[in-house]
1. So, in nm, how far is label VAL77 from label SER138 when the simple model puts each one 7 Å beyond its Cα toward the Cβ?
2. What three numbers, in Å, describe the spread of the alpha carbons of segment 32-169 along their principal axes, ordered from the longest?
3. I'd like the FRET efficiency for HIS108 and ALA31, computed as 1/(1 + (r/R0)^6) with the beta carbon distance as r and R0 of 30 Å, rounded to 0.05.
Amino acid sequence: MSDVNEPERATSPTTRDAATASDAAATASGAFEPRITAFVCNWCTYTGADLAGTSRLHMASNVRIIRLPCTGRIDHVFIVKAFERGADGVIVSGCHPADCHYTAGNYHARRRFGVFRELLSFMGVDPARLTFSWVSASEGVKWADVVNETVARVRSLGPFDAYHGLAGAATPADDPFAAYDLPGEERPGGEPALRPGDAP
């Protein structure tokens with residue numbers, strides 16, 4: 001319900017209208033709704049996302065945020081694990097270049113993800129499922145636009161189930177460490193756990 005005194009939201013009309021129309025259509029038809037995982041910088045993007053929320057900007061609710069100290073801390077494995085655990089798309093976002101609170105973390109991230117896009121293609125993941133952006137603490141509107149555009153793009157790509165097919169094709173026989181237990185696990189009969197280097 002709209003309040004008469006509510007100020008006009010500051011999103012761009014095309015993004016706002018597209019997001020509203022696609023959300024309404026997807027809800028009405030029971031269509032696919034993507035699950036997006038966002039790895040964001042604590043200092044800039046997380047604060048920008050908070051600003052978008054407190055400003056009551058319209059954005060898709062499909063994004064789950066994981067806050068990290070810096071985008072330079074985000075490892076490729078985090079993104080692969082997000083896809084492995086059911087994400088249909090991933091957003092990585094941090095401070096603008098030259099604004100990093102850790103001096104050069106975002107430069108490391110930018111270099112790392114330039115290479116990682118090629119690795120995604122090699123793994124069979126469409127690079128369009130990964131969004132990399134710079135959002136400062138004062139750019140709540142930009143964060144809302146990034147979220148809405150990413151959700152719309154991933155929705156058009158459909159659900160991501162290719163990773164499950166690749167993971168399901170591997171068998172324990174293919175894993176050289178399958179015979180070894182994780183540290184702290186007990187083997188049947190109370191035997192100590194095997195570690196790499198021990199004879200199975």
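What follows draws every value from the coordinates through simple rules; no lab data is involved. Given the structure is predicted, the values throughout are model-derived calculations rather than measurements. Note that we place each Cβ from the backbone using ideal geometry, even for glycine, and neighbour counts take in every protein chain shown.
1. Result for the modelled spin labels: 3.9 nm.
2. 44, 32, 18
3. Details: r = 38 Å, r/R0 = 1.28.
With a Förster radius of 30 Å, E is 0.20.
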